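Novice: I have a structure I would like to understand better, so I am pasting it below and will then ask my questions one at a time.
Only the coordinates and a few stated rules stand behind these numbers; no lab work does. Fair warning: this is a prediction, and the values are worked out from it, not measured in the lab.
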Amino acid sequence: MKRENDILVDVNQALELTGDFHVERNKRRTLDMSEINKLKGDCQALHSLQDENERICKEVSFLRQERENIIHIEEENSLLKRQLDDRNCEREIAQRTDEECRLKVEEEIVF
């Protein structure tokens with residue numbers, strides 16, 4: 001923000017902030033201290049809002065990335081669970097086959 005001594009404000013810009021639109025366009029004038037202080041306050045409030053907006057945007061971006069990470073992890077977990085289920089099925093089939101073979105061998109030995 002400019003120092004008070006450096007402030008020469010375009011009336012259209014200053015009046016937009018103060019709400020006084022009844023002055024000729026493109027006319028320049030020096031602002032009194034109360035107008036300068038009001039504009040400073042308005043600018044500080046605007047900067048605060050911009051900072052807050054930037055902080056919120058960063059947080060939203062972070063949360064979106066976290067959501068994407070969670071989705072990716074959930075997809076990986078789902079895939080790993082399916083692979084584990086497949087292996088368990090294969091192991092169960094192998095155990096059944098081993099049991100069936102053992103029973104057949106026992107039956108053959110008995111007969």
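Novice: Could you give each residue of the range 45-58 its phi-based ³J(HN,Hα) in whole Hz, using Karplus coefficients 6.51, -1.76, 1.60 with θ = phi - 60°, and x for Gly or Pro?
Specialist: In residue order, the calculated couplings are 5, 4, 5, 4, 5, 5, 4, 5, 4, 5, 4, 5, 4, 5 Hz.
Novice: Under 1.5 on a/c is rounded, so check that first for the range 71-111, then, if it is not, pick prolate when a/b is larger than b/c and oblate when it is not; a ≥ b ≥ c are the square roots of the alpha carbon gyration tensor eigenvalues. Display every interim value, and only then the final one.
Specialist: Values: a/c = 10.72, a/b = 10.56, b/c = 1.02.
Because a/c hits 1.5 or more and a/b exceeds b/c, the range 71-111 counts as prolate.
Novice: Next up: Gain in length, Leu80 to Asp32, computed as 0.36 nm per residue apart minus the alpha-carbon separation, to one decimal in nm? Write out the running numbers ahead of the final one.
Specialist: Numbers: separation 48, 0.36 × 48 = 17.28 nm, distance 7.10 nm.
Additional length available on full extension: 10.2 nm.
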